[in-house]
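K.L.:
My questions will all concern the structure given below.
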Amino acid sequence: MNNHKISDFNKFDTFVVGSLPRPVWVQRLIEENKYGEKNPALIKDQLDNAIPMAVEMQKAAGVTYISDGEWRRESYVKIFAESVDGFTLDLSENITPNAFSLKYPAVTSKISQIKPIAVNELKFLKSITNKKITVAIPSPYTIGRRMWSAKYSKQAYPERKTFIEHCVPILKKEISDLNAAGADSIQIDDPWLSLLVDKKYREENQIKNIDAEIEISVDSLNSIVDQEISSLTSVHFCHAHFNRQHGSFGSYHPIIEALGLINVDRFAMEFASPVSEGTSVLKHFPKNKIIGLGVIDHTNTTIEQADSIVSQVNNVMNHISPENITLNPDCGFAPSSANPMNFDEAYLKLTSMVKASNILKEKFG
Ligand SMILES: [Zn+2]
């Protein structure tokens with residue numbers, strides 16, 4: 001069981017979910033790095049010079065917990081395959097209901113870690129800012145769903161579940177190292193648990209026993225946080241998105257009861273978009289957990305108004321006390337680097353979120 005101290009956390013604090021839109025030239029650096037087309041040290045230098053812009057944007061917007069925009073990553077989940085040996089690049093096609101035709105690595109041999117997943121990102125951020133920092137890593141279940149393929153992976157790991165179990169010690173150690181390196185917030189991305197709410201996704205992936213899938217996700221999440229952690233720990237659930245289209249649809253009802261079983265402090269969830277079918281499901285939200293309330297719809301170009309965000313939060317207070325409410329966008333603005341999103345739009349949306357947070361902090365002290 002983990003032992004968290006979250007005393008410096010404040011109600012209505014604002015978080016990013018992780019990724020921010022990357023300029024095209026940063027996307028190209030990531031591609032060049034992936035295919036070994038340029039000196040890695042040179043690319044690192046260029047990204048070291050680029051990332052302060054992502055940091056300054058979040059500081060200008062006033063966000064409490066900031067990230068590096070995940071500007072070093074091709075995607076929130078592929079970062080695992082970049083840091084761990086055993087994968088073959090670009091082998092699997094996307095298998096979410098709204099196929100975005102993106103290619104993913106597949107595990108093809110036994111895995112072994114070759115470098116930290118996110119610790120170096122954190123250390124760089126800490127060297128350039130005193131702001132609170134949130135760092136994301138993918139969950140074991142999402143890695144298993146995304147990168148174990150029945151077609152390519154059976155020789156390495158006959159079953160997806162076995163592969164997931166082998167990811168656990170690597171992620172547990174990463175959390176330990178992130179905590180030791182002073183991460184204020186560690187977010188574990190598990191969108192593939194929330195994809196289970198979508199009937200079409202379950203049918204296409206021949207998932208008949210949703211409870212068995214939830215159990216694999218919950219058990220593996222609990223295994224990686226089963227240690228002393230002073231960082232605030234969160235799990236992020238969304239419906240996946242690319243080019244302003246969602247990858248799945250549906251209320252969180254099928255998974256909401258499981259949240260009380262997951263030993264983290266906070267859940268960052270998607271509620272601004274209609275795909276989640278409203279906030280009434282939050283009457284089942286566990287009383288001892290913090291909600292990261294999604295108040296920014298990244299799939300809609302309209303900039304949210306602070307007043308409408310405040311009304312949304314007021315409605316949620318019917319179910320959750322102010323002490324347990326934080327604000328965030330529904331998802332990272334660009335979980336994969338190629339996601340065509342607008343950096344200035346992200347800034348304006350984050351600014352509205354912070355304005356709403358300041359109104360709420362004033363009102364509820
Ligand atoms: Zn997300």
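K.L.:
Check off (1) at pLDDT 95 or above; (2) surrounded by fewer than 21 Cβ atoms within 10 Å (Cβ to Cβ) for residue 245 and give me the number that stays unchecked.
P.N.:
If we test residue 245 against (1) at pLDDT 95 or above; (2) surrounded by fewer than 21 Cβ atoms within 10 Å (Cβ to Cβ), just (1) comes out false.
K.L.:
What pairs come out if I take residues in segment 181-208 that are hydroxyl-bearing (Ser, Thr, Tyr) and pair them with residues that are in a helix (DSSP H, G or I) whose C-beta lies under 7 Å away, six or more apart or interchain?
P.N.:
194/255; 201/195
K.L.:
Sticking with this structure for a sec: From the list 68, 48, pick out the single residue that is touching a helix residue (DSSP H, G or I) at 6+ places or on another chain (Cβ under 6 Å) and either at pLDDT 95 or above or under 28 Å from residue 110 (Cα atoms) (or both).
P.N.:
After ruling out the rest, the residue left standing is 68.
K.L.:
Among the residues of segment 134-155, is any in a loop (DSSP other than H, G, I, E, B), within 23 Å of residue 266 (Cα to Cα), more than 16 Å from the ligand (Cβ to nearest atom) and touching a helix residue (DSSP H, G or I) at 6+ places or on another chain (Cβ under 7 Å)?
P.N.:
Within segment 134-155, none of the residues are in a loop (DSSP other than H, G, I, E, B), within 23 Å of residue 266 (Cα to Cα), more than 16 Å from the ligand (Cβ to nearest atom) and touching a helix residue (DSSP H, G or I) at 6+ places or on another chain (Cβ under 7 Å).
K.L.:
For segment 167-184, indicate whether the set of residues that are touching a Ser or Thr at 6+ places or on another chain (Cβ under 8 Å) and within 16 Å of the ligand (Cβ to nearest atom) is non-empty.
P.N.:
Scanning segment 167-184, I find no residue that is touching a Ser or Thr at 6+ places or on another chain (Cβ under 8 Å) and within 16 Å of the ligand (Cβ to nearest atom), so the answer is no.
K.L.:
Right, next: So for segment 237-258 (the condition being more than 16 Å from the ligand (Cβ to nearest atom) and without any contact (Cβ under 8 Å) to a residue 12 or more places away in the chain), does at least one residue qualify?
P.N.:
no
K.L.:
Are any residues in segment 277-307 touching a residue at least 40 places away in the same chain (Cβ under 8 Å) and within 16 Å of the ligand (Cβ to nearest atom), and if so, which ones?
P.N.:
292, 294, 295, 296, 298, 299, 300
K.L.:
Using the structure shown, decide if residue 323 is more than 14 Å from the ligand (Cβ to nearest atom), acidic (Asp, Glu), closer than 25 Å to residue 242 by Cα and surrounded by fewer than 16 Cβ atoms within 10 Å (Cβ to Cβ).
P.N.:
Numbers: more than 14 Å from the ligand (Cβ to nearest atom): yes; acidic (Asp, Glu): yes; closer than 25 Å to residue 242 by Cα: no; surrounded by fewer than 16 Cβ atoms within 10 Å (Cβ to Cβ): yes.
Judged against the criteria, residue 323 is not a match.
K.L.:
Please tell me if residue 24 is β-branched (Val, Ile, Thr), within 19 Å of residue 123 (Cα to Cα) and more than 14 Å from the chain's Cα centre (by Cα).
P.N.:
No: the conditions fail for residue 24.
K.L.:
Take residue 142 and decide whether it is without any contact (Cβ under 8 Å) to a residue 40 or more places away in the chain and of a type in the set (Ser, Thr, Tyr). Even if it seems obvious, please write down each step before you answer.
P.N.:
On the way: without any contact (Cβ under 8 Å) to a residue 40 or more places away in the chain: no; of a type in the set (Ser, Thr, Tyr): yes.
When the stated conditions are applied, residue 142 does not pass them.
K.L.:
Here's a follow-up. Give the residues of segment 9-52 that are touching a residue at least 60 places away in the same chain (Cβ under 8 Å), touching an Asp or Glu at 6+ places or on another chain (Cβ under 6 Å) and over 30 Å from residue 310 (Cβ atoms), sorted by residue number.
P.N.:
Passing the criteria: 30, 51.
K.L.:
Checking the structure you have, find out if any residue of segment 106-120 is under 20 Å from the mean Cα position of the chain (by Cα) and surrounded by fewer than 16 Cβ atoms within 10 Å (Cβ to Cβ).
P.N.:
Yes, segment 106-120 has at least one match.
K.L.:
Would you check which residues across segment 275-298 are closer than 29 Å to residue 340 by Cβ, within 16 Å of the chain's Cα centre (by Cα) and either among the hydrophobic types (A, V, I, L, M, F, W, C) or part of a loop (DSSP other than H, G, I, E, B) (or both) and list them?
P.N.:
Answer for segment 275-298, where residues must be closer than 29 Å to residue 340 by Cβ, within 16 Å of the chain's Cα centre (by Cα) and either among the hydrophobic types (A, V, I, L, M, F, W, C) or part of a loop (DSSP other than H, G, I, E, B) (or both): 293, 295, 296, 297, 298.
The values are calculated or read from the model by the stated rules, or taken from the named source; none is laboratory data. Nothing here was measured: the structure is a model prediction, and the numbers come from that model. When we count neighbours, we look across all protein chains shown, and the Cβ atoms used for this are built from the backbone with ideal geometry, even at glycine.
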